[in-house]
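**Student:** The structure that follows is given in the form of structure tokens.
Quick note: the coordinates plus some simple rules give every number you see, no bench work behind them. As the structure is a computational prediction, the values presented were derived from the model and not from experiment. All Cβ positions, even for glycine, are placed from backbone atoms using ideal geometry, and neighbour counts span all protein chains on display.
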Amino acid sequence: MKKELINELFVKFENACNIVKGVECWSSRELQAILNYSEWRNFLKVIDKAKNACITSGIPVDDHFVDLNKMIELGKGAQREIEDIALTRYACYLVAQNGDPTKSEVAFAQTYFAVQTRKQEMIEQRLLDVARVSAREKLSKSEKKLSGIIYERGVDDKGFALIRSKGDQALFGGFSTNDMKRKLQVPDNRPLADFLSTLTIKAKDFASELTGHNVVEKDLRGQERIGKEHVENNLAVRKMLIERGVRPEMLPASEDVAKVKRKLESDEKKMLKDAQKNKKKNK
């Protein structure tokens, strides 16, 4: 495919993109023209195949293919309403994959939307990874703060470990920390929290923050009273989660947060190097 055609098609796809309520979408009528389909009925068959592919993937069709109508000019001021479909980037990707690959326009669209969709997925995953690493670091700070508070109230490191373990048992419906480590296949020498989902990490963090707050407010002292407070807070957090249909002990293990953090740091270094290279090129 010639470079001139690639540049032309790239501009067409970019210009045809509309932002509706923060979501990128393309008009199927405009896409029909760009992909060089002369008849709407033939292009509609491609869209139907794309919808079936969406269903097969287990993704709601209505989230990516939205029926609508648009007015077109007929000349001399007359107008006519025609059928149209708003397509998300993912929908366009499916349409391209089910189009006629012998058309240069379709071949380009397959690559264009595949790359752009993958970029979006990578961005979304990175944001999720950053959120998880941040949540884990926040939990570490909360537990360190709680440890300092209760140390001043007669509880040593061993006592804090027992309090935290009982809190876990309350949060995970009777499963101890070691039970959950075995359940999620966490190495013996690693903290359970490093393999928990972001939601569960935040749940543990909230319970720890509650305990720290109430220990000070109620002026609690001693391992027994503080331990009871921590258990009650974890039970309260568990109750809230279960009411929303979430059982913490049933959530699957997540990737080792240490590996996720290393990957994020590696990506940042790579992006910095790329930025420096581009800066030198533009000088």
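**Student:** Count charges around S176 for me, please; just the other residues with Cβ under 13 Å from its Cβ, Lys/Arg as +1, Asp/Glu as -1.
**Tutor:** Charge balance in the 13 Å sphere: +2.
**Student:** In percent, what relative contact order does the chain have, based on Cα pairs under 8 Å that are 6 or more apart in sequence?
**Tutor:** In percent, rounded to a whole number, it is 15.
**Student:** Can you list the equivalent-ellipsoid semi-axes of the stretch 135-211, largest first and in whole Å, using the square root of 5 times each Cα gyration tensor eigenvalue?
**Tutor:** Equivalent ellipsoid semi-axes, largest first: 20, 14, 11 Å.
**Student:** Only helical DSSP H runs with n ≥ 4 go in: add -39500 (n - 2.57) per run for the chain, normalise by residue count and round the 222 nm mean residue ellipticity to 500 deg cm²/dmol.
**Tutor:** Computed ellipticity for the chain at 222 nm equals -22000 deg cm²/dmol.
**Student:** How much net charge surrounds E143 when only the other residues with a Cβ under 9 Å from the Cβ of E143 are counted, with Lys and Arg +1 and Asp and Glu -1?
**Tutor:** +4
**Student:** Additional query: Would you calculate the volume per residue, in Å³, of the smallest convex hull containing every Cα atom of the stretch 125-265?
**Tutor:** 109
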